[in-house]
Structures are given as C-alpha cells and as structure tokens.
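Everything on this sheet refers to the single structure shown next.
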Amino acid sequence: RARVAVVISGEGSNMAALLYASRLPDTATEIVLVASNNPDAAGLALAEAEGVPTWSLSHKGLTREAFDDALDDALTAARPDAVALAGYMRLLTPAFVARWRGRLLNIHPSLLPKYRGLDTYARALDAGDSHAGCTVHLVTEDVDAGEILGQVAVAIRPGDTPDTLAARVRLAEHQLYPATLAAYVSRFQDAAWIEARLDELASPLPEVS
Ligand code: GAR
C-alpha cells in the first residue's frame, strides 16, 4: 500500500475521511503520519486516538523557510509515497513544493480554475453560479493551479449561505479525496507512467509495495 502523510491546520475532517477510507478492505493507501502547524488542531487528537503517528509544530515565530524545513524533516522521516494537504492553510515555500513535486496533493473547495484562494463559497454565491464544488489537484508553486486530478460539482440551492454551502461541499470532499488519492497513488506502480513523468516527480521515485 502507498504510504501517505496528511498535513492539516484545523478540524481535519478530510484527514478523517482519508484515514477511514484507508481502513476499508483492499485499499491502496496507509496513513503513516498526520502533521500540523497547529498543535491544537482537532484533527491531531483524532489521529492520536486512532493510533496514527502525529507531528506538530507551531509556525508562530518561525520563518516560512524554517517551518517548512521542519515539516520536511518530519515528513521525510515518515517515508511517505504521497503527501496530502487537507485543510492546510499556509503557503508553502518553492523549495518544499519542489522537494515533493508530483507527490504533493491538495483539496480545494471550488471548481478550479474558478476561485483560487480563500472565500470560495461566498465568491460562488456572489457570482450567481449554479454549482460550487471541490477539486483535488497536484501542488505547484502557483497556489491552487496544479494539474487537476478530480472534481465533484455541488448544486447551489436557493437560500444557501457560505456556511450551508460549505457543509455540502465538505460532504463531497470526503468522497472525492480518498478516491482521487487512491487512483493517483496506484499509478506509482505503473513503470510506464513513472517513466513518462520523470521530470515531474520528486526523487527518489516513489516505491510502493
Ligand atoms: C476543506 O474544505 C478544504 O477544502 C479547505 O479547508 C477545509 C478543511 O476542512 N481547504 C482550503 O481552503 C485550502 N486553501 P477539514 O480540516 O475539516 O478537512
């Protein structure tokens, strides 16, 4: 199974979805670490209760480089094949992104390329869109702009507020992320796929047994 580290900042409901999906029979993934920049993140306590190794370090008072270096060390020690950002609310340094390229995924609460960044629900409502949604994508230096791996559209209902919409998008996220992650890491066993993407994958190449 592919070793996956999950990086969170808050509630961690997507992390929980990834974790419980990894415990279904015949899954492609194993959660080997939950890491956070917020030692009080609720998701850390859940991971601990479920017996998953955790790591946290407050980013406060650290430069972005110093924090990302510490996160990188913690991830490297866990030897993940893929790293899943799940409600990680900080920008990453270009060096960190390069270090994990091709193996670093994120979930974003909009139908990218629409509404990169924050306040995606209010922006979709203000625009009068018929649908909001969520996207799993590869992380590149440009925020929320990497290759799209999967999306689910969520209908906007009359009377929706950012909060009511967010709650339904979250349900869709919990389906999308585990399925998309599993499909992506399964490609790590495909020698031809890896060969075709050598320039887009961080070294050492993922090894999945
Ligand atoms: C999720 O909706 C995720 O898409 C979003 O934060 C929420 C985290 O919830 N991520 C971003 O906005 C990233 N820019 P969770 O902690 O319960 O998984």
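The values are calculated or read from the model by the stated rules, or taken from the named source; none is laboratory data. None of these values were measured; they are calculated from a predicted model. Glycine also receives a Cβ, built like all others from the backbone with ideal geometry; neighbour counts cover every protein chain displayed. Surface areas here come from the heavy atoms of the whole protein model, side chains and all, with no ligands, DNA or RNA. Shrake-Rupley method; radii C 1.70, N 1.55, O 1.52, S 1.80 Å.
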Q. Only one of 43, 87 is at positive phi and within 16 Å of the ligand (Cβ to nearest atom); which?
A. 87
Q: Determine whether segment 12-20 contains at least one residue that is surrounded by fewer than 20 Cβ atoms within 10 Å (Cβ to Cβ) and part of a loop (DSSP other than H, G, I, E, B).
A: no
Q) If you check 149, 111, 125, which single one turns out to be touching a residue at least 40 places away in the same chain (Cβ under 8 Å), more than 10 Å from the ligand (Cβ to nearest atom) and more than 18 Å from the chain's Cα centre (by Cα)? A) 125
**Q.** Test: residue 67 is of a type in the set (Phe, Trp, Tyr), open to solvent by less than 30 Å² (accessible area, probe 1.4 Å) and within 16 Å of the ligand (Cβ to nearest atom)
**A.** no
Q. In segment 23-36, what residues are touching a Leu at 6+ places or on another chain (Cβ under 9 Å) and closer than 13 Å to residue 182 by Cα?
A. 28, 29, 31
Q | Check on residue 72, part of a helix (DSSP H, G or I), over 26 Å from residue 167 (Cβ atoms) and either over 13 Å from the mean Cα position of the chain (by Cα) or within 14 Å of the ligand (Cβ to nearest atom) (or both) | A | yes
Q) Name the helices (runs of 4 or more DSSP H) wholly within segment 92-209 that hold at least 2 residues that are open to solvent by 30 Å² or more (accessible area, probe 1.4 Å) and closer than 22 Å to residue 28 by Cα? A) 162-186, 191-196
